[in-house]
Amino acid sequence: MSDATPPGWYPDTHVHGTERWWDGSAWTGYTRPSDVPQPPVPGPRTVPYASATPGRRAPGRRTTVLAVTAAALALAGAAVTGVVVLGGGDREGQPGAAPTPPPAAVGTGSARTPSPAEGPADDPRVLTDQLDGITLRVPDGWEKPENALDDAPTMRTVGSFTCPGDSGSFCHHGTVTARTATGTDLASMRALAEEDIGTAAGLAYEENVVGERTHGGIRSHRELASESVSVAGRTGYLVRWQVTTGRGPGGYVQSLVFPSAVGSETPVIVRFAFDAGREELPLSLMDTITRGIRPIGDSATGGGVGNTVGPG
């Protein structure tokens, strides 16, 4: 039977009242308050972040518990007194046992597991994706919404308008979201981007996550780019489409895929959706945002802090 602890939320001993996500092989940069309701996570024990590595046993750890009890029993005028000494073995895995300290974070290039204090999560100029360990610079005239439809890290153009295909819904002219690639066995960045572009286009202009046809559906599309690209020091791939919609001017969508900056380097997907005919949304802005993606805590760039992203 394997000792490995499955992916899940575990206490972060560096930050009281916080839990951190273990991806099955390494700690990620994603955290949440520990009072968030959660289903039970299968596993042999609870593993505090940065004070234990799930699935490993503490070498040479022995715990000896000495308990002395004395009992006087009256039986036919006879008294019996006993002293019992209990010898303890390795108790790791039992409640309250001290876990194994983790090894130092090891990464490839600038990749590493960020500490709980890192990441400009509250800076309005920076979108932080803690789960994937990256930041994106927020362009001028854009915002970070407090809530997104699918809970993915999102930035979008300020100001909404009535969607051309659904008078009861509101749209934004530009949107960028980041997410971890899941539910696929594809390992190639190119294959992942080519697979995801249809999903990205569909969610932006066909039917969104709540089933609204905000642009009257996609009538046709044309591929504008399919190429390798360097993202945060890693080799990724992007596919870009122009789509024609049943209502409104249509737009441009892009799927950008590259290895994560943390953990096991699971691929990250960044999806772009720009409405057509907008001066403030040239296609070059997609390239500018891509160049501004950085690992969390990248001291050489400040994780994107302090750099203005315009529509250049």
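Points to keep in mind about this one:
- For residue 133, the residues whose amide H sits under 5 Å from its own are 29, ignoring neighbours fewer than 5 places away on the same chain, with H placed 1.01 Å from N.
- Gyration tensor over alpha-carbon atoms, region 126-304, equivalent ellipsoid semi-axes in Å: 26, 18, 15
- Put in order of Cβ neighbour count within 10 Å, fewest first, the listed residues 258, 170, 274 become 170, 274, 258.
- In terms of packing, defined here as the mean over residues of other Cβ atoms within 10 angstrom, the peptides 218-229, 191-202 line up highest first as 191-202, 218-229.
- Cut-off under 5 Å, modelled amide H: who pairs with residue 231 long-range: 236
FYI, it's all coordinate maths here, none of it is from the lab. These numbers come from a predicted model, not from an experiment. Positions of Cβ are backbone-derived with ideal geometry, glycine not excepted, and every protein chain shown enters the neighbour counts.
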